[in-house]
1. Among the numbered criteria (1) free of Cβ contacts under 8 Å to residues at least 40 places away in the same chain; (2) crowded, with 18+ Cβ neighbours inside 10 Å, which one does F94 miss?
2. Is there any pair linking a residue in the stretch 64-76 that is of a type in the set (S, T, N, Q) to one that is part of a loop (DSSP other than H, G, I, E, B), with Cβ under 7 Å and at least six apart or on different chains, and which?
3. Open to solvent by less than 10 Å² (accessible area, probe 1.4 Å) and assigned to a helix (DSSP H, G or I): which single residue out of A45, A15 fits that description?
4. Quick check on this structure: which one of D33, D65 is open to solvent by 30 Å² or more (accessible area, probe 1.4 Å) and not aliphatic (A, V, I, L, M)?
5. Could you list, ordered by first residue, the pairs with Cβ atoms under 6 Å in which the first is in the stretch 223-248 and within 17 Å of I23 (Cα to Cα) and the second is open to solvent by 40 Å² or more (accessible area, probe 1.4 Å) and not in a loop (DSSP other than H, G, I, E, B), at least 6 apart or interchain?
6. Take the conditions open to solvent by 20 Å² or more (accessible area, probe 1.4 Å), among the acidic types (D, E) and part of a helix (DSSP H, G or I) and apply them to D77. Does it pass?
7. Would you point out the residue of the stretch 105-159, among those that are farther than 14 Å from L186 by Cα, surrounded by 12 or more Cβ atoms within 10 Å (Cβ to Cβ) and over 21 Å from the mean Cα position of the chain (by Cα), that is modelled with the lowest pLDDT?
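The values are calculated or read from the model by the stated rules, or taken from the named source; none is laboratory data. Not measured: the values here are computed from a predicted model. Don't worry about glycine lacking a Cβ; one is built from the backbone with ideal geometry, like all the others, and counts go over all protein chains shown. Keep in mind that these areas ignore ligands, DNA and RNA; they rest on the heavy atoms of the full protein, side chains included. Shrake-Rupley method; radii C 1.70, N 1.55, O 1.52, S 1.80 Å.
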Amino acid sequence: MDLGLNNRTVLVTGASGGMGREIAAAFGAEGADVVIGYRSRPRDADTTAERVEKAGGRALTVSYDLSDPASARALVDSALAWTGRTDVLVNNAFRPFGFRPPEDRFEEVGDDWRDKVRDNVEGAIELTRLVAPSMREHGWGRIVHLSSSLVTEGVLETDSGRIGSEYYAAAKAALHGFSRSTAFGLGRDGDILSNVVVPGLTRTFRNEERMSGSFGVAERYAARAPLGRLLDAPEVARVVVFLASAANTAVTGQSIAVTGGA
């Protein structure tokens, strides 16, 4: 299937490793020009760029901090200076919250939750605002936000949303409403689609050690899935690439679970 991404300009944030690296590489395999947004690991970003170029695409690495609107402007300006357009945005970067022990109460955490929620929500919104004019001008665009299954379910069968993830889930849930509304606001001006991908617990090279710990979370999550296993990051990446491609002509304003059925 021709995904129609050859020479399209794709911005992927949080692309220095983990899920973002696989997403960027998957776009590279489709011949895309991939702008690799990274926050603090330039060498890792260079490794991602090598993956993209080896796969058949072009790559540009740009420093990006989702808490800084000026950084977002610089990322988009770099893309426009490079190719003259912004065809695809993948909002993958997030500011981590960390998970509290279950016995801790969410109302007793420090006030830094405000900045973390604000950065995660406003960072994605700011970049979407900045790429929208180019998409409207060319009458074509794709936006994919990465969310989390913590928004809609717990990691374990006994969880309800997961104790300890209240603020992270709140920030990710905001993307669902934003994407749904922008699908209407952008769709009236061309072939511009906006969706959310909702991964479950997924193996990446960065979380392998954590998931192999003694708590058995990975095993219990895998047991809930019809596939009987966790997904790997490249499997999620392929769904992101399809939703962001010209082959997708019908899916917009949706939240797509990519969990292996868990």
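1. (1)
2. Going by the 7 Å Cβ cut-off, the qualifying pairs are S67/R95; S71/Y64; S71/D65.
3. Details: A15 fails: assigned to a helix (DSSP H, G or I).
The conditions single out A45.
4. Testing whether each residue is open to solvent by 30 Å² or more (accessible area, probe 1.4 Å) and not aliphatic (A, V, I, L, M) leaves just D65.
5. D232/R203; N248/F242
6. Yes: the conditions hold for D77.
7. For the stretch 105-159, the residue satisfying everything is D159.
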